[in-house]
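The next block holds one structure in the form of structure tokens; read it before the comments.
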Amino acid sequence: MSLSDSETSYGGGGGSDYKPFRHISRDRLLYEMLRSAKSGDSKAWKVLIMDKVTVKVMSHSCKMADITDQEVSLVEDLFRRRQPLPSLDAVYFIQPSKENVVMFLSDMSGREPLYKKAYIFFSSPIPKELVNHIKCDTSVLPRIGALREMNLEYFPIDSQGFITDQDTALQELYGNVDNIRRFNTYLNNMAIRIATVFASLKELPIVYYRSAKESDESAPTVSRELVPTKLADAVWDMVSKYKSTIPNFPQKETCDLIIVDRSVDQIAPVIHEWTYDAMCHDLLDMEGNKYIHEVASKTGGPPEKKEVVLEEHDSVWLELRHTHIADASERLHEKFTNFVSKNKAAQMQQSGRDGSEISTRDLQKMVQALPQYTEQVEKISLHVEIAGKINKIIRDADLRQLGQLEQDLVFGDAAAKDVINFLRTKQNTTPEYKLRLLMIYASVYPEKFEGDKGVKLMQLAKLSTDDMKVISNMQLLAGSSTKKASAAAGSFSLKFSNQKTTQAARKDRTDEEEETWSLFRFYPVLEELIESLNKGELPKSDYACKNEPIPVPKGNTARSSKSTQTAPAPTAPPHSMRSRRTANWAKSRTSDDGYSSDSTLKNVAADFKKMGRRIFVFIIGGATRSELRVCHKLTTKLRREIILGTTSMDDPPQYLTKLKLLCESNVTPTLDGLGI
């Protein structure tokens, strides 16, 4: 029996072994855990046993086919009654909790254990008392093939994103925090999951965090403003221990981590983001990444419902997800046109419709092209259908006018009269959209909500007093600082009574880049925050560091001498307001076949070998699609892999629900919204 972490190295050394974040998570589970669980005297097939958390970890990283390829014949729930399989080995991938250890011991102790041998992999560090508890059972010890800490308890949601799966983070940490023990437990679990990311990647971070502002010590917001500080303390405490407990773990800092909360940007979660990905999740009735559509029945009956998952394995989705919805629609049309012109089956089908005779040779070519034809038609048709639905919703709800007003408010091109005029003339706008508009308005014009002004605006919008909670709860996240906000990156926050802000939340820099699509000006504060971190220009008044590194020259520190360096940082100070951004960064990598973007997938591995040090960003309280998009964009621009972590990925309806329930006691928010 051995209690150890894997000696596989993926982190700061870089070079030819460098792998993207999600690939590492998958490879560790499949090869380091499942493939390593073997004994010479047992049958090849084995059983995989997980708890409710680790099964989600596994499902976020691997497909069932991947698991069975590692000779797993059965996947079981730790807490369900299971059939004895004494000829097979078992792999336990579980959290290091007392109840899990008790269940494991009951499986493997006594004269008739459920399995021949057990390989135990814990998702996070196991307390010594639980190790001793296992060692005390002498009947179990000979049956243990391995006892290891996998240190993998996060949930990859993207090639550059993960969640800690804590949907109630806003309520638990920023609501009415009466139970300090519960608060600390929740924050500690968050820190454990974040720390396992660095254990998996063999990375030692320089930990930056948004520091608490100067405020009256008696104010209740003090504990809220200290959340990033406390999380940074806990993460650093756990990660620093890896230096002595994990073989080959780096002893010097290899990457950057910055921890912020949702107060860093209260506009991004509610503004209409006009990319294909964001529109799908905002406007369509999707469950996570699952989209249900109707397809023609193969038996000639009524249409059948089919569930598809919009993820990176879909090359069309991979290419279009971060493009403007209008750009995505144009590209889909071009793809279909090119596909028809180059695929033999499509050409033959078109000829048949025109009344032309099809020769035997042409028919043979058509049959050969049919499998590819069917697959590509389904793939492109799916996205054509989705884009069509989105465009119809945009037209029916007149979202372009609303979107224009939202962005004009953010960039200082609209004033109070424009909002009032919209609310008076657009009575049919849904309550949700009107509330989201007022939230943006409150962020830019906080003085317009002082006294009874906010109530009058809500009455004009015909919103309930219950909806007003959402606006007032924004203040809980913003804090009650008496310290004047800095003009540096990421410093904008909502102040309702302490000061008046300039009448724009972002500055429009039109000369930087050519604007390609309308309504594509908006970008989250996170973009300039990451750029400031990359330049070494994080404002010390707003951000502190747990382990200040030895000063090095500005710019990227490459993983190897061959790594590509970024250009020297410009001398102009970073802006704290948002400037105009465009879709130019998201140009397509269209492959030669005219209808597939598989070249995007093929280039990933080669691209990441040239990257500099990783940047990790963790947002407490949920992240948005626009913030994930920015991480992909800046990875290309800065030549550094930027990984976004958060407690949950929230679409606007979910975020509104959570903000409304912020101060409710013992309420678990339902993520399908409250019918605002």
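If R0 is 25 Å, the Cβ-Cβ spacing of residue 245 and residue 133 corresponds to a FRET efficiency of close to 0.80. Structural size metrics of region 433-479, computed from C-alpha coordinates, are Rg and Dmax of 9.6, 28 Å.
Remark: spin-label model distance residue 290-residue 77 equals 1.6 nm, labels positioned 7 Å along the Cα→Cβ axis. At a Förster radius of 56 Å, what calculated FRET efficiency corresponds to the Cβ-Cβ distance of residue 428 and residue 548, to the nearest 0.05? According to the calculation, E is roughly 0.50.
If R0 is 45 Å, what FRET efficiency do you get for residue 38 and residue 338 from their C-beta distance, rounded to 0.05? Show your work: numbers first, answer last.
Working: r = 48 Å, r/R0 = 1.07.
Efficiency, rounded to the nearest 0.05: 0.40.
Would you mind calculating the gained length between residue 384 and residue 400 on full extension (0.36 nm times residue separation, minus the Cα-Cα distance), in nm to one decimal? Display every interim value, and only then the final one.
Values: separation 16, 0.36 × 16 = 5.76 nm, distance 2.03 nm.
Full-extension gain reported as 3.7 nm.
Taking 7 Å steps out from each Cα toward its Cβ at residue 313 and residue 98 produces label points 4.1 nm apart.
When only DSSP loop residues count, what trypsin sites (Lys or Arg not before Pro) in region 37-133 have their Cβ near at most 12 other Cβ atoms within 10 Å? Before the final figure, lay out each step's value.
Values: sites: 38, 43, 46, 52, 56, 63, 80, 81, 82, 98, 111, 116, 117, 128; in loops: 38, 43, 52, 63, 80, 81, 82, 111, 116, 117.
For trypsin sites (Lys or Arg not before Pro) across region 37-133 that sit outside H, G, I, E and B with at most 12 neighbouring Cβ atoms in 10 Å, the list reads 52, 63, 80, 81, 111.
Distance between the modelled labels on residue 417 and residue 68, one decimal in nanometres: 6.8 nm (7 Å Cα→Cβ projection). Pair-distance distribution P(r) for region 3-152, from all Cα-Cα distances in 10 Å bins starting at 0: 11, 43, 35, 10, 2, 0 percent. Based on the alpha-carbon gyration tensor of region 44-119 and its eigenvalue square roots a ≥ b ≥ c, which shape applies: rounded if a/c is under 1.5, prolate if not and a/b is larger than b/c, or oblate? Oblate, since a/c reaches 1.5 and b/c is not below a/b. The mean of 1/r over all distinct Cα pairs in region 172-329, once inverted, gives the Kirkwood hydrodynamic radius of 19.9 Å. Pair-distance distribution P(r) for region 243-349, from all Cα-Cα distances in 10 Å bins starting at 0: 11, 22, 29, 18, 12, 7, 1 percent.
Every number in this text was worked out from the coordinates using simple rules, so none of it is lab data. On a predicted model such as this, the values are computed, not experimentally measured, just so you know. When we count neighbours, we look across all protein chains shown, and the Cβ atoms used for this are built from the backbone with ideal geometry, even at glycine.
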